[in-house]
Amino acid sequence: AHEGILRRQSLRESSARTYARSLPIVPVRARGLTIEGADGRRYLDCLSGAGTLALGHNHPVVLEAIKGVIDSGAPLHVLDLATPVKDAFITELFATLPRGLADNARVQFCGPAGTDAVEAALKLVRTATGRSGLLAFTGAYHGMTAGALDASGGAQDVRVTRLPYPYDYRCPFGVGGERGAELSARWTENLLDDPKSGVAHPAGMILEPVQGEGGVIPAPDEWMRRMRRITADRSIALIADEVQTGVGRTGAFWAVEHSGIVPDVMVLSKAIGGSLPLAVVVYRADLDVWEPGAHAGTFRGNQLAMAAGAATLAYVRENRLAERAAVLGARMMGQLQGLAADHPCIGNVRGRGLMIGIELVDPDAAPGDESRTSTGVPPAASALAAAVQQECLERGLIVELGGRHAGVVRLLPPLTLTDEQASAVLDRLADALSAAER
Ligand code: PMP
């Protein structure tokens, strides 16, 4: 079955297939960290549905919640009608929201994907402010529909102004650290304060507290506070895209909590649906300027996703899995840093909680060589990262790649990862690094 399924799907599916190309597996069963393929092989899954599976595959509380809705005879599809299932989801969601937003928030259910919620957020701030300009960051990823794509790294839309994201390792200003972040903030201020720049008064700024697809780049807390001040002072709505960073992933329930800022708008998806499709925008009540029906969509009421999501949010909250992610993530990053001594291809280990990135460099380049830290394209590192991913797969470990040039190996394990599982993941990764370096 394994080979036949792979062959038929590669022939019939669009060339836009992504993961299926680099991960030729046929999952038929899964539990927690483990996926089993049609060929009987087992894999440790550190891709987690691109960061969706906060509790891993088929967690009992998620399955129970889904079965509960089905067994109750409740309708599965109800547009945006009020239901007890939705009531429970909203209550649980509001219980987790950052202080300062929770007591004065509105939630808008969107189409089922993260990109739908991004579209809704952009439209909301444009409607609320009556302005159309938008500030977004280099290396950002917000989705693949028109507006979200324009807000992502390679912005095309003339209404979108791209700003330098603070990227310590390959600092756009060549200085890194606090100084690099400071220069990024000043760049933003100068642009907004320069009447000739044409971007003086945008509707909003959208940012990821940790860039995910961009290569796991955490924004410094002080920089986040600075962006909050810059936008607040100028009545620019600050949109935090927590599609990937939310629900404990980074070691706080929401990643904005690390810096203590309260965004005007939060975009949420992935883990909030407990592995089923669900996306929402949460925002300050006074931004709720929409007329009834101003933002609609048939699939805003997925009852199974809301039940699975509420169960996931509650489980993460009650079991303090964000704190667990912070502790375990810090330990894993320390161990990965230790590996760098034996593996010259490890250029930089970074992340927050269980959102971890290992940026690879050309191991043959000398330490002072530009290709190790410059902002230029390091093709050797991309090829090496692809090789590491394949060597991981050989050893039964699924990892994601990301970064400006796909040179970053990413780990997004479930927050339920045990110490033993974490060791197994790192052992396999170390072996894979050795094999790829040869
Ligand atoms: N925003 C961020 C930060 C993301 O990481 C992603 C998906 N990787 C999206 C938006 C888009 O979500 P979706 O793929 O569900 O449309």
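The values are calculated or read from the model by the stated rules, or taken from the named source; none is laboratory data. The model shown is predicted, which means the values in this text are computed figures rather than measured ones. A quick note on method: Cβ atoms are made from the backbone with ideal geometry, for glycine too, and the neighbour counts reach across all protein chains shown.
Residue-level analysis places Thr18 outside the set of residues that are in contact with a helix residue (DSSP H, G or I) (Cβ under 9 Å, 6 or more places away or on another chain), under 27 Å from Leu304 (Cα atoms) and among the polar types (S, T, N, Q). List the residue pairs whose Cβ atoms are under 6 Å apart, where the first residue sits in region 21-33 and is within 22 Å of Ala424 (Cα to Cα) and charged (D, E, K, R), the second is modelled with pLDDT of 95 or more and in a helix (DSSP H, G or I), and the two are 6 or more positions apart or on different chains. Here the result reads none, with nothing in region 21-33 linked to a residue that is modelled with pLDDT of 95 or more and in a helix (DSSP H, G or I). Determine the pairs where a residue that is among the charged types (D, E, K, R), located within region 130-153, has a partner that is assigned to a loop (DSSP other than H, G, I, E, B) and more than 12 Å from the ligand (Cβ to nearest atom) with Cβ atoms under 7 Å apart, the partner being 6 or more residues away or on another chain. Matching pairs, first to second residue: Arg131/His201; Arg131/Pro202; Arg131/Ala203; Asp150/Gln156; Asp150/Asp157.
Only one of the listed residues (Ser197, Ser235, Ser259, Ser184) is modelled with pLDDT under 95 and more than 22 Å from Pro414 (Cα to Cα). That residue is Ser197.
Taking the condition crowded, with 17+ Cβ neighbours inside 10 Å and not hydroxyl-bearing (Ser, Thr, Tyr), does Leu93 pass? Yes: the conditions hold for Leu93. Against the list (1) among the aliphatic types (A, V, I, L, M); (2) within 16 Å of the ligand (Cβ to nearest atom); (3) closer than 30 Å to Thr312 by Cβ, the condition Leu101 fails is (2).
In the condition set (1) within 16 Å of the ligand (Cβ to nearest atom); (2) not assigned by TED's automatic domain parsing to the domain that holds Thr298, Val69 is compliant with all but (1). Taken together, the criteria place Arg170 among residues that are crowded, with 21+ Cβ neighbours inside 10 Å, more than 19 Å from the chain's Cα centre (by Cα) and either more than 16 Å from the ligand (Cβ to nearest atom) or at positive phi (or both). None of Ala50, Ala20, Ala16 is within 16 Å of the ligand (Cβ to nearest atom), assigned to a helix (DSSP H, G or I) and more than 27 Å from Asn319 (Cα to Cα) except Ala20.
Using the structure shown, decide if Gly153 is farther than 15 Å from Gly204 by Cβ and either near the ligand (Cβ under 9 Å from one of its atoms) or of a type in the set (Ser, Thr, Tyr) (or both). Criteria not met by Gly153.
Residue by residue, here is whether (1) touching a residue at least 24 places away in the same chain (Cβ under 8 Å); (2) small (Gly, Ala, Ser); (3) within 16 Å of the ligand (Cβ to nearest atom); (4) at negative phi holds:
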| position | (1), (2), (3), (4) |
| --- | --- |
| Arg226 | yes, no, no, yes |
| Glu242 | yes, no, yes, yes |
| Gly248 | yes, yes, yes, no |
| Val256 | yes, no, yes, yes |
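Hey, could you check region 175-215 for residues that are surrounded by fewer than 21 Cβ atoms within 10 Å (Cβ to Cβ) and acidic (Asp, Glu) and say which is farthest from Gly147 (Cα to Cα)? Of everything passing the filter in region 175-215, Glu178 is farthest from Gly147 (Cα to Cα). Of the residues making up region 235-263, just one is surrounded by fewer than 24 Cβ atoms within 10 Å (Cβ to Cβ) and of a type in the set (Asp, Glu), namely Glu257. For region 55-73, filtered to residues that are within 25 Å of the chain's Cα centre (by Cα) and outside any loop (DSSP other than H, G, I, E, B), the residue that is nearest to Ala30 (Cα to Cα) is His57.
Evaluation of Gly4 against the conditions (1) touching a residue at least 12 places away in the same chain (Cβ under 8 Å); (2) over 18 Å from Glu394 (Cα atoms); (3) of a type in the set (Gly, Ala, Ser) shows that the sole unmet condition is (1). All conditions in (1) closer than 20 Å to Ala65 by Cα; (2) surrounded by fewer than 19 Cβ atoms within 10 Å (Cβ to Cβ); (3) of a type outside the set (Gly, Ala, Ser) hold for Leu278, with the sole exception of (2). Quick check: anything in region 195-206 assigned by TED's automatic domain parsing to the domain that holds Leu149, within 12 Å of the ligand (Cβ to nearest atom) and in contact with a helix residue (DSSP H, G or I) (Cβ under 7 Å, 6 or more places away or on another chain)? The answer is yes; a qualifying residue exists. The set of residues in region 35-90 that are free of Cβ contacts under 8 Å to residues at least 60 places away in the same chain and among the β-branched types (Val, Ile, Thr) contains only Ile90.
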